Amino acid sequence: MEEKLIFVSVGATATAEQESFVRSIEDRLRSESLIPKTVGRNTFSADAPLKAITELMDKCSGIVVIALERSFFPAGVEKRGGPRQGNLADTRLPTPWNHIEAAMAYTKHLPLLVIVEDGLKAEGLLEPGYDWYVQILPLAEAALGSNEFNGVLADWKEKVLARVPRGPQALNPAELSIADLLGALRPVQLWSVAIALAGLLAGAFSLGARLVPPFGERPKPVQGALRPALAPGAVECPCRSFPPGKPGRSSA
């Protein structure tokens, strides 16, 4: 079976229990010929995080979101000062990157497999009711062998195998508008185009100033220019010449 790359959204583990649970999921994926890829865990890049995540997702056929406790608040208040103010107790929250990466994957139409640690506050893209099934599991390897997990994993894997990674597509200039072409340029390239256009406009203006005389000034006759020969006896007029015996029509 051809191996497929899978984007795994998981924060840095804080406890040995969390690390063991994440490794169990990674091993399960590998046993299904699915290769887990996580920025900062087994895939590294010198680019900014969002750019590195985007480039990696373009190579993947699916995403697994593993939401683990990152922040714990023994007590707190939500919607403080409003009519719906409420008290919070023993609140556990995951890394916000779970929400960010889940949203990015959804816009790319990647099949999502969402696994949430039992006890986390259900909110955002990690709460049930969206276009994917949210599994709430304890941090135990045995939870990955349940009928529910195996059934959801099989259904998700089927969607993964049916999907072909898009990857970065080459742009065809003939099919792009001017706005699309400009949008595809990098900032340095845009500056180069702007400077080149400015140089062309300045050159055209300078050339036009030399060829076109100032407003109201008549072009000077070229010395030595040939004039048509006058008929015998014709009188040269500033505006017109008439042969003898054929005067011009009176303006009266």
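The values are calculated or read from the model by the stated rules, or taken from the named source; none is laboratory data. Predicted, not measured: the structure shown is a model, and the values here were computed from it. When we count neighbours, we look across all protein chains shown, and the Cβ atoms used for this are built from the backbone with ideal geometry, even at glycine.
Regarding region 78-98, can at least one residue be identified that is among the small types (Gly, Ala, Ser) and surrounded by 12 or more Cβ atoms within 10 Å (Cβ to Cβ)? Looking through region 78-98, none of the residues is among the small types (Gly, Ala, Ser) and surrounded by 12 or more Cβ atoms within 10 Å (Cβ to Cβ). Flag: LEU161 matches the condition of being surrounded by 12 or more Cβ atoms within 10 Å (Cβ to Cβ), touching a residue at least 60 places away in the same chain (Cβ under 8 Å) and more than 17 Å from VAL10 (Cα to Cα). Take the conditions (1) more than 27 Å from ALA14 (Cα to Cα); (2) modelled with pLDDT under 95; LEU88 misses just one of them, which is (1). I'm checking my understanding of the structure. Among residues of region 53-87 that are assigned to a strand (DSSP E or B) and touching a residue at least 24 places away in the same chain (Cβ under 8 Å), which one is farthest from PRO138 (Cα to Cα)? Filtering first and then ranking leaves GLY62. Taken over region 106-117, the criterion of being in contact with a helix residue (DSSP H, G or I) (Cβ under 9 Å, 6 or more places away or on another chain) and exposed (fewer than 13 other Cβ atoms within 10 Å of the Cβ) is satisfied by no residue. In region 8-27, which residues are assigned to a helix (DSSP H, G or I) and either within 18 Å of VAL152 (Cα to Cα) or hydrophobic (A, V, I, L, M, F, W, C) (or both)? Of everything in region 8-27, those that are assigned to a helix (DSSP H, G or I) and either within 18 Å of VAL152 (Cα to Cα) or hydrophobic (A, V, I, L, M, F, W, C) (or both) turn out to be ALA16, PHE21, VAL22, SER24, ILE25, GLU26, ASP27. Listed conditions (1) assigned to a strand (DSSP E or B); (2) at pLDDT below 95 are all met by LEU5, apart from (2).
For every residue, the table says whether it meets (1) hydrophobic (A, V, I, L, M, F, W, C); (2) more than 21 Å from TYR106 (Cβ to Cβ); (3) touching a residue at least 12 places away in the same chain (Cβ under 8 Å); (4) in contact with a Phe, Trp or Tyr (Cβ under 6 Å, 6 or more places away or on another chain).
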site	(1), (2), (3), (4)
SER9	no, no, yes, no
ALA12	yes, yes, yes, no
SER20	no, yes, yes, no
ARG23	no, yes, no, no
SER33	no, yes, yes, no
THR43	no, no, yes, no
ASP47	no, yes, no, no
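State all residues of region 88-131 that are closer than 23 Å to LEU50 by Cα and part of a loop (DSSP other than H, G, I, E, B); if no residue qualifies, say none. The answer is PRO94, THR95, PRO96, LYS108, HIS109, LEU110, PRO111, GLU123.
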